[in-house]
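The values are calculated or read from the model by the stated rules, or taken from the named source; none is laboratory data. Predicted, not measured: the structure shown is a model, and the values here were computed from it. Note: ideal-geometry Cβ built from the backbone for every residue, glycine included; neighbour counts use all protein chains shown. When the accessible area is computed, the model is the full protein with side chains, heavy atoms only, and any ligands, DNA or RNA have been set aside. Shrake-Rupley method; radii C 1.70, N 1.55, O 1.52, S 1.80 Å.
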Amino acid sequence: MVPIITAPPKSHQVAEAIRREITAGKLEPGDRLLTVRQFAARFQVSNQVVQSAFGILSQDGLIESHVGRGTFVAHLPSDQTRRSVVMILDGTRDPHTRLPVLLSAELQQRRLLSLLLDTRMTADGHAQDEIRQLLQSCPRALILDAYSLFNPELLDYLSPRTHLIVVKRHEMELPGSPIFYALIDYVKVGRLAGQYLLECGCQRIAMLNFERRPRWTSDLLAHGLEQALSEAGAAPCRFLDHLTPPEELTQMLATEPADGIFCHADHIYDRVKRATRQLGLRQGEDFHAVGFGNTPWAEAFGITSIDPHEDEIARIVATHLDEGFTGGRHIIQPTLHQR
């Protein structure tokens with residue numbers, strides 16, 4: 001059974017926001033924090049959420065409370081920033097995204113302080129100053145989901161003492177210190193999807209895909225699928241945009257029926273399910289489907305899914321930080337998970 005992993009609790013999100021201000025130097029040792037009530041109003045959460053966030057930060061040694069006086073930023077030991085790990089990852093606000101939670105848990109087990117940012121923040125002018133300060137503070141490591149929306153100019157501010165780890169997407173051409181890569185073989189994911197659907201006897205295969213651009217995940221997945229179909233002498237794949245309105249998607253599948261469907265991500269299979277239900281088509285009989293992610297959505301929909309083993313990525317990265325940093329590559333091999 002696939003574990004149900006959702007977005008971090010609000011208390012962890014509030015704790016990370018406060019931790020970010022401390023790490024960036026906006027709150028310095030000895031500074032008095034806002035009250036629980038003031039933070040609750042600022043973040044639009046309950047007092048209990050803020051109290052839980054304070055508990056997390058206190059346990060990490062970042063803040064200390066004094067009865068009758070308030071809560072203050074702790075006077076950190078000189079190596080405190082060397083225990084901090086900045087993670088700039090894609091999709092941190094999406095509940096189906098597993099890697100941020102998995103990485104945070106692995107780092108916490110090793111008593112490393114994780115600070116999570118979304119890749120899209122690197123394009124925001126206001127956030128860029130804060131990220132620069134974070135990178136200049138010399139954290140132990142920067143874990144980067146090298147998504148195409150990341151602003152690579154920010155890496156100019158990365159301290160030479162900070163380890164750079166690139167996960168999931170693609171290798172970056174950067175001079176200087178060695179980089180450790182923990183990458184997913186996305187082309188193989190596409191090949192596995194194509195081979196599975198062909199083995200099911202599918203002859204008209206469609207892919208529900210995100211925007212396709214060179215080096216994006218969508219492009220790599222599509223390449224793998226196209227390779228599998230071409231090698232088998234099958235008909236070319238048809239691409240469907242995941243943003244197509246439901247009624248249009250239903251009409252497209254009615255006009256050009258597909259007996260095999262590969263979804264870029266498990267959760268967008270919901271669109272296929274609604275369309276095929278309206279057409280009276282039965283999954284496993286009239287058509288076969290395969291998703292990507294092996295998330296709780298795949299189990300809920302009852303579809304075969306390709307597992308990218310993000311738990312393995314998290315474990316490899318955390319172990320790598322434990323054992324001492326060197327450059328190198330580790331390619332994660334996806335596997336098919338049939339229901």
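Give the residues of the range 304-336 that are modelled with pLDDT under 90, of a type outside the set (Lys, Arg) and part of a strand (DSSP E or B), sorted by residue number. Passing the criteria: only GLY328.
Restricting attention to the range 296-328 and to residues that are open to solvent by 20 Å² or more (accessible area, probe 1.4 Å) and hydroxyl-bearing (Ser, Thr, Tyr), the residue that is farthest from PRO160 (Cα to Cα) turns out to be THR319.
Scanning the range 45-73 for residues that are hydrophobic (A, V, I, L, M, F, W, C), under 14 Å from ASP31 (Cβ atoms) and touching a helix residue (DSSP H, G or I) at 6+ places or on another chain (Cβ under 8 Å) turns up LEU57, LEU62, ILE63, VAL73. Is one or more of the residues making up the range 131-142 surrounded by fewer than 16 Cβ atoms within 10 Å (Cβ to Cβ) and polar (S, T, N, Q)? Yes: one or more hits. Considering each residue of the range 192-215 in turn, at least one proves to be under 18 Å from SER148 (Cα atoms), in contact with a helix residue (DSSP H, G or I) (Cβ under 7 Å, 6 or more places away or on another chain) and polar (S, T, N, Q). Taking the range 146-177, which residues are of a type in the set (A, V, I, L, M, F, W, C) and assigned to a strand (DSSP E or B)? Once the filter is applied, which keeps residues that are of a type in the set (A, V, I, L, M, F, W, C) and assigned to a strand (DSSP E or B), the range 146-177 yields LEU164, ILE165, VAL166, VAL167. Scanning the range 33-70 for residues that are of a type in the set (D, E, K, R), open to solvent by 60 Å² or more (accessible area, probe 1.4 Å) and within 22 Å of LEU115 (Cβ to Cβ) yields ARG42, GLU64. Of all the numbered requirements in (1) over 19 Å from ARG19 (Cβ atoms); (2) surrounded by fewer than 17 Cβ atoms within 10 Å (Cβ to Cβ), GLY91 misses one, and that requirement is (2).
Based on this model, can you work out whether THR276 counts as surrounded by fewer than 19 Cβ atoms within 10 Å (Cβ to Cβ) and hydroxyl-bearing (Ser, Thr, Tyr)? The answer is no for THR276. Among the residues of the range 22-52, write down those that are under 19 Å from ARG83 (Cα atoms) and either among the aromatic types (Phe, Trp, Tyr) or touching a His at 6+ places or on another chain (Cβ under 9 Å) (or both). The answer is PRO29, and nothing else.
Scanning the range 178-196 for residues that are closer than 24 Å to ALA141 by Cα and open to solvent by less than 60 Å² (accessible area, probe 1.4 Å) turns up ILE179, PHE180, TYR181, ALA182, LEU183, ILE184, ASP185.
Residues satisfying the criterion are absent from the range 74-81 (criterion: open to solvent by 20 Å² or more (accessible area, probe 1.4 Å), at pLDDT 80 or above and closer than 19 Å to LEU142 by Cα).
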